[in-house]
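Derivation of every value follows stated rules applied to the coordinates shown; laboratory data play no part. These figures come from a predicted structure and were not determined experimentally. As a convention, Cβ positions derive from the backbone with ideal geometry for all residues, glycine included, and neighbour counts pool all protein chains shown.
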Amino acid sequence: MAQHILRKDLKKDQVRETFAQGAEAVLSHQKLAIYVLAVLVVVAAGAFGWWTYTQRQAVQASSAFDNAMKTFQTPAGTPAVAGETVYPDNNQKFMAAAQQFSDVASKYPRTRGGQLARYYQALSYERMDRDDEAKKLLRTVESGGGEEAGVLARFELAQVDDRTGQGDEAVKLYQELIAKPSILTPKPVVMLALAAHYSRINPSEAAKLYSQIKSEYPDTPVAEQADQALALLPGKS
């Protein structure tokens, strides 16, 4: 009888132990689930916070960029908005615009507005005939200013090189842009610029490019420009 009771108690102890182990496993899984959930909540909160921050940065950069563009585009002697600063001449206007664009680029370097701001800072220097400073900035934007600003900077750099007597460098950049066009630097537009370069030193090469534009892009504004430029080449009048 005692042996029977002992076996019965033993079975009860085994059941209790199994139950306890099961309960411990469940609790462990619950603790793990709670821990994982807590981590996910923290990560999600961090991701949302970062998204909110970047969105706010983008909005602020866009607003600051728009204000700088008002200075850049408004004719000297005319306020962009009533009550705002009036710049008596273009030099002072573009100097102010360059500073404003520089501030935007420095404060919001990872935003679209910040990347484009550096490009327009270079354009402001160009308007003041500060070509060396403009080219330095354009090279910086070309190499690390984002894809959109980068292709614009390359095209602008080619035109500055062309205007400042570095024709070989300009041709190289034009040809690279023609080989790999973009929405912002379409092939026919770059071809027009290259043809304009050759019109001064190699009219026959310019004529070839203008004719190619007319053939490949008929009934377009760029074809009309090519036709007009072709008529002005030496020996075409």
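One table, with the values for the structure above:
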quantity	calculated
Across 180/208; 107/135; 70/208, pairs whose alpha-carbon gap is larger than 31 Å	70/208
Whole-number Å³ per residue for the convex hull built on Cα positions in region 187-237	58
Counted charge near residue 172, where neighbours are those whose Cβ lies closer than 14 Å (Asp, Glu -1; Lys, Arg +1)	-3
Globularity index of region 105-237, i.e. its alpha-carbon radius of gyration over 2.2 N^0.38 Å	1.13
For region 187-237, with +1 on Lys and Arg beta carbons and -1 on Asp and Glu, the positive-most of 193, 215, 226 along the dipole	193
About the Cα centre, charge dipole magnitude for region 187-237 (Lys/Arg +1, Asp/Glu -1 at Cβ), debye	180
Rg to Rh, two decimals, where region 123-186 supplies the alpha carbon set and Rh follows Kirkwood	0.95
